[in-house]
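Student: One structure coming up, written as structure tokens, with questions to follow.
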Amino acid sequence: MRVSHNWLRELLPELTLSASEVAERLNGAGLAVDRIEPYGRALQEVRLAKVLALVPHPKRSGLRLVTVEHGRGTQEVVCGAANVPGPGGLVVLAPLGARLPSLPEPLAAREIGGVKSEGMLVSETELGLAATADGIIVLPEGSAEPGRTLAELVPSAVDSILELDVTPNRPDALGHMGVARDLAALLRLSAPRPTPTGAVKKSPVALSTLVSVENRDTERCPHYGAGAVLDVTVGPSPLWLRWRLESLGVRAISNVVDVTNAILFEYGQPLHAFDLERVRGARIIVRRATPGEPFKTLDGVTRELNADDLVIADGEVPSALAGVMGGEDSEIRPSTTRVLLECAYFQPRGVRRTARRHGMHTESSHRFERGVDFGAVPAVLERAKELLAELSGGSVVVGSIHARAPEARPARIRLRSSRLDELLGVAVPFDEATNILERLGFAVAARSGSGSSAEVAVLAASHRPDVALEVDLVDEVSRVRGLDAIPTRLPAVAPQAPRRTGELERRMLELAQTLGLSEALTYAFVDPRDLERLHAPQAVVRVANPLGEERSVMRTSLLPGLLGSLARARRRGEARVRLFSLGATFHAPVLAPSEGARPRLAEDVGTLPSERLAFAAVLAGPRLERLVLDPPDVDVYDAKALALELVERLTGRAASVRHAGGVDGVAHLHPRGAGLVLVGDLTVGRFGPLHPDVLEGFELGTAAQIVELDLEELERLGTLVPRYTTIPRLPAVTRDVSLVVGDEVQAGRVADVLSRAGGELCESIEIAAEFRGGSLPTGSRSLTFRVVYRDPKARRDADDARTLTDQEVDAVAVRMLEAAKSELGATLRA
């Protein structure tokens, strides 16, 4: 909504604030001002000039030499406009040095076809007053003295335009009267009143002899008002109105149409003007359209109407699509002399449906969809009739026709002093509060009680459809008093753990991305059924006003969001998925119990739930292997490798894994593949393939691998600083050993047995391969380990270090094999 600062000053004669000061006050009251644009500043640079002579250019066809007198002498300029008037005509001259919006630099003398032009006759476009112009500005002869600036002739055109961001609940702010009403309340000024029109002629003709109105649908049109102005002369509007409309973004058309637009911007009330001569049968009928009824709107488009469309029809066909746009057949023409004005209130939802159905959004529908002031219809109609008569030389037909539903009494809204103070957190003098409401246009009907028990009944105002409850009245009082009037108090906050610096999250984020994972940004609100499918801890925080059941609780696991992302990826044909999520999960901490009492949960004592920082990743689809046409899918070993790599890089400590059989918290993982990640004896995470029931519950289809890490535990471990170790100068001896063991024997256990038996000469043991089938017995497998042997003194760079002999290595290897046989039943693979 564009608002004219000059127009506000006309409505509020006591207003002395500048445009920027007005914007500041409106911003503080909830009417956001996005920007302020200057308008018409160039009018101070140009002067009125009288044409003395007009001759063709000696060398250039289409150009003429115009001699003008501008109050300070005469001047010759070159002009190509076709509408330059003859001698005696008034034009607008930009003298040398004038700064115009259309020119990058001040106007300078210019030679055109050998003739020096020392000035410029300007159009509205060159002055920044309009987007287009048919020629230069020409004023009627004798209407002003040459030499005056255009700003002196039309002072209201030099303006500041405030661009308001009006929210849908404030339709009253879509008109200058509504904005002025707020300003008056904020600044304690008199209520806004439109500038009165001059004396207008009255027609002796009775309105009932000109037209009749029948309202057949008072549900969709609770109030339809009509009035008439006769003996109208259609022509251009005066400059002040033309340029005011242009400054608000509306093109000036004619005095009749411009009046309807002016009233729209003044009151926020759309009007429509009909050529009374073209209203068939001298009847106006408010009715629903017949299905398939054709109707050609003002934009020249023929539309097929729906039975839900409300139309304003004459005795034969529709003349307007109610609340949206008029019809081409009854529009105002240059020959129009009798005008019928429509001022109505249409139900917002009906207008919204019609506008959307036909793909139309107009200034009219924009306001009707939000709700115009139904109580102002009679006053607005009278204002429009008088303004039209003044600007067109017509005569007002006394009286109006109002076809409407029975008026309902305005609702009474209870406002209690105690509730006002309670909601705002500060004592507000009740007299001040009621005075604010009265300044905003609300009527206070009755008052009772005193002090904190005082209360009033406030009548709902037709111009504020958004105010219907007691809390709405409290909001009005607070925004006019100003939020600064509410003291700032630090609320009581339950003790919380020290805020993290974010360093751990940053490092984990970088590590995950380095290892080829992509971050999935997921909601902290999840579906409690998803937590149940994962056997995750029960949610302890339920959202008071959730968007839906699927976003109704705070998560206790990161997996619902990740698995939802995996499901969406698979539905769209993306097989290879490598995603991770990093964030807080919300749990009910167990507080320290008093002696002999059960542990107390957080909700028992009102403590906030604890937030635990967690990491989760999901791997699915084929491995990324080059030169392989059909690579295998990721398996539990990929998840294990990722978990170990993340933990070891993050902590600088060696990590290990073990089977998670019989451990709580892994019911969502396949029992044969679930594993725990440990640093020493501390469990810091888990990994493994998803349980088939989880795959089915989330509709994931094929298998997926999961990694979950507890960053709280990892943070407590801290990060070891890498220590330098000497590079051994003596070579190591590397041998592979393949052992056949039962399927139930874990590879990690085999490695532990071999490492203990190898003693200090065994520097490292790593699993290198696994083999099943072939000649191996059923229920067994072959595990190949790569063993590195080295003198421990060589690692310390001792002077007596030596290279191990084959006999020494053989002896250790035999010892390791015997230990594996005796403890695990392993045999050396042939």
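Student: Which angle between 0 and 90 degrees, to the nearest 10, do you get for helix 19-28 versus the longest principal axis of the chain when only C-alpha atoms count?
Tutor: 50
Student: Which three extents, in whole angstrom, do the alpha-carbon atoms of the stretch 763-830 cover along their principal axes, largest first?
Tutor: 51, 21, 19
Student: Write down the accessible area per residue of the chain in Å², having rolled a 1.4 Å probe over the full set of protein chains.
Tutor: 50
Student: For the chain, what is the charge dipole size about the Cα centre, in debye to the nearest 20, if Lys and Arg each add +1 at the Cβ and Asp and Glu each add -1 at the Cβ?
Tutor: 560
Student: Counting helices only, and only those DSSP H runs with n ≥ 4, report the 222 nm mean residue ellipticity of the chain as the sum of -39,500 (n - 2.57) divided by its residues, in deg cm²/dmol to the nearest 500. Write out the running numbers ahead of the final one.
Tutor: Numbers: 22 runs with 218 residues, N = 830.
Calculated from helices alone, the mean residue ellipticity at 222 nm is -7500 deg cm²/dmol.
Student: What accessible surface, in Å², does a 1.4 Å probe find on His361, ignoring ligands, DNA and RNA and rounding to the nearest 10?
Tutor: 120
Student: What percentages, rounded to whole numbers, describe P(r) for the stretch 101-192 computed over all alpha carbon pairs with 5 Å bin width beginning at zero?
Tutor: 2, 9, 12, 15, 15, 11, 10, 10, 7, 4, 3, 2, 0
Student: Still on this structure: Binning at 5 Å from 0, report for the stretch 708-830 what percent of all alpha-carbon pair distances ends up in each bin.
Tutor: 2, 10, 18, 16, 14, 13, 11, 10, 5, 2, 0
Student: Taking the Cα centre of the stretch 1-128 as origin, work out the dipole magnitude from +1 charges on Lys and Arg Cβ and -1 charges on Asp and Glu Cβ, in debye rounded to 20.
Tutor: 480
Student: Same structure, new question: How are the C-alpha pair distances of the stretch 153-195 spread across 5 Å bins, as whole percents from the shortest bin up?
Tutor: For the stretch 153-195, the pair-distance distribution reads 5, 19, 20, 23, 21, 8, 2, 1.
Student: With θ set to phi - 60° and the Karplus curve 6.51 cos²θ - 1.76 cosθ + 1.60, what are the ³J(HN,Hα) couplings of the stretch 396-404 in order, to the nearest whole Hz, using x for Gly and Pro?
Tutor: 7, 7, 5, x, 9, 9, 10, 9, 8
Student: Taking only Cα atoms of the stretch 368-517, what ratio of Rg to Rh do you get with Rh as the Kirkwood inverse-distance radius?
Tutor: Ratio value, two decimals: 1.29.
Student: On alpha carbon coordinates alone, what is the Rg over Rh value for the chain, Rh being the Kirkwood radius?
Tutor: 1.19
Student: Here is a further query. Out of the stretch 157-255, which trypsin sites (Lys or Arg not before Pro) are coil in DSSP terms and have no more than 12 other C-beta atoms within 10 Å?
Tutor: In loop regions of the stretch 157-255 (DSSP not H, G, I, E or B), the sparsely surrounded trypsin sites (Lys or Arg not before Pro) are Arg188.
Student: Using the charge dipole of the chain (Lys, Arg: +1 at Cβ; Asp, Glu: -1 at Cβ; taken about the Cα centre), state which of Leu534, Ala620, Tyr637 has its Cα farthest towards the positive end.
Tutor: In the chain, that residue is Ala620.
Student: Could you pull out the pairs from Lys296/Lys385; Lys50/Lys116; Lys202/Lys296 whose alpha carbons sit more than 30 Å apart here?
Tutor: Lys202/Lys296
Student: In degrees, nearest 10, range 0 to 90: what is the angle between the Cα axis of helix 430-439 and the longest Cα principal axis of the chain?
Tutor: So the inclination is approximately 60 degrees.
Student: If one computes P(r) from the Cα atoms of the stretch 709-770, what percent of pairs lie at distances over 18 Å? Before the final figure, lay out the partial values.
Tutor: Details: 1131 of 1891 pairs.
Value for the stretch 709-770: 60 percent of Cα pairs lie more than 18 Å apart.
Student: Any idea which of Gln44, Leu776, Thr434 is furthest toward the positive side of the dipole for the chain, if Lys and Arg beta-carbons carry +1 and Asp and Glu beta-carbons -1?
Tutor: Gln44
Student: A further question on this structure: Can you list the equivalent-ellipsoid semi-axes of the stretch 612-674, largest first and in whole Å, using the square root of 5 times each Cα gyration tensor eigenvalue?
Tutor: 24, 17, 11
Student: Among Val339, His358, Pro378, which residue has its Cα positioned farthest towards the positive end of the charge dipole of the stretch 319-440, with +1 placed on the Cβ of Lys and Arg, -1 on the Cβ of Asp and Glu, and the dipole taken about the Cα centre?
Tutor: The listed residue farthest towards the positive side: His358.
Student: To continue, here is another question. Using the 2.2 N^0.38 Å rule of thumb for compact globular proteins, work out how the stretch 191-256 stacks up: its C-alpha Rg over that value, please. Intermediate results must be reported in sequence, preceding the final value.
Tutor: Details: Rg = 16.6 Å, N = 66, 2.2 N^0.38 = 10.8 Å.
Its radius of gyration relative to the 2.2 N^0.38 Å reference: 1.54.
Student: Is there a quick way to get the dipole size of the stretch 316-387? I mean about its Cα centre, with the Cβ of Lys and Arg at +1 and of Asp and Glu at -1; what is the value in debye to the nearest 20?
Tutor: Using Cβ point charges on Lys, Arg, Asp and Glu, the stretch 316-387 gives about 360 debye.
Student: First measure r as the distance between the Cβ atoms of Ala584 and Ala411, then evaluate 1/(1 + (r/R0)^6) with R0 = 56 Å and state the FRET efficiency to the nearest 0.05. Walk me through the intermediate numbers first.
Tutor: Numbers: r = 46 Å, r/R0 = 0.81.
Once rounded, the FRET efficiency stands at 0.80.
Student: Carbon-plus-sulfur fraction of the accessible area of the chain, 1.4 Å probe, in percent?
Tutor: 50
Student: Compute the acute angle (0 to 90°) between the alpha-carbon long axis of helix 806-824 and the principal axis of greatest extent of the alpha-carbon atoms of the chain; round to the nearest 10°.
Tutor: Here the helix axis deviates by roughly 80 degrees.
Student: Under a straight-distance cross-link criterion of Cα-Cα below 13 Å, which aspartates and glutamates are reachable from Lys793, leaving out those fewer than 8 residues away in the same chain?
Tutor: Result set, ordered by chain and number: Glu760, Glu763.
Student: Write down the Å³ per residue value for the convex hull defined by the alpha carbon atoms of the stretch 220-301.
Tutor: That works out to 148 Å³ per residue.
Student: Also, quick follow-up: In whole Å, how far is the Cα centre of the stretch 143-211 from that of the stretch 227-245?
Tutor: Cα centroid to Cα centroid, the span is 14 Å.
Student: Please list log₁₀ I(q)/I(0) at q = 0.19 Å⁻¹ for the stretch 91-145, using the Debye equation with identical point scatterers on the alpha-carbon positions.
Tutor: Summing over Cα pairs of the stretch 91-145 leads to -0.75.
Student: Please work out whether the stretch 279-348 counts as rounded, prolate or oblate from its C-alpha gyration tensor, where a ≥ b ≥ c are the square roots of the eigenvalues and a/c under 1.5 means rounded, while otherwise a/b larger than b/c means prolate and anything else oblate?
Tutor: It comes out prolate by the Cα gyration axes.
Student: In addition: Can you give the local net charge around Gln269? Use residues other than it whose beta-carbon is closer than 10 angstrom to its beta-carbon, Lys and Arg +1, Asp and Glu -1.
Tutor: 0
Student: Scaled to the compact-protein estimate 2.2 N^0.38 Å, what is the alpha-carbon radius of gyration of the stretch 172-221, rounded to two decimal places? Before the final figure, lay out each step's value.
Tutor: Numbers: Rg = 18.4 Å, N = 50, 2.2 N^0.38 = 9.7 Å.
Scaled against compact globular proteins, the figure is 1.90.
Student: Next question, about the same structure. Based on alpha-carbon centroids, what's the gap between the stretch 747-763 and the stretch 287-360 in Å, whole number please?
Tutor: Their Cα centres are 91 Å away from one another.
Student: Counting C-alpha atoms alone, how compact is the stretch 64-124: give Rg to one decimal and Dmax as a whole number, in angstrom.
Tutor: 11.4, 32
Student: Against the 2.2 N^0.38 Å scaling, with N counting residues, where does the stretch 1-103 land? I'd like the Cα-based Rg ratio to two decimal places. Spell out each step's value before the answer.
Tutor: Numbers: Rg = 20.6 Å, N = 103, 2.2 N^0.38 = 12.8 Å.
Scaled against compact globular proteins, the figure is 1.61.
Student: Under 13 Å Cα to Cα from Lys201, which aspartates and glutamates show up? Leave out anything in the same chain fewer than 8 places away.
Tutor: Output for Lys201: Asp231, Glu386, Glu390.
The values are calculated or read from the model by the stated rules, or taken from the named source; none is laboratory data. Treat the numbers as computed from the prediction; the structure is a model and nothing was measured. All Cβ positions, even for glycine, are placed from backbone atoms using ideal geometry, and neighbour counts span all protein chains on display. Just the protein is used for accessible areas: all its heavy atoms, side chains included, with ligands, DNA and RNA removed. Shrake-Rupley method; radii C 1.70, N 1.55, O 1.52, S 1.80 Å.
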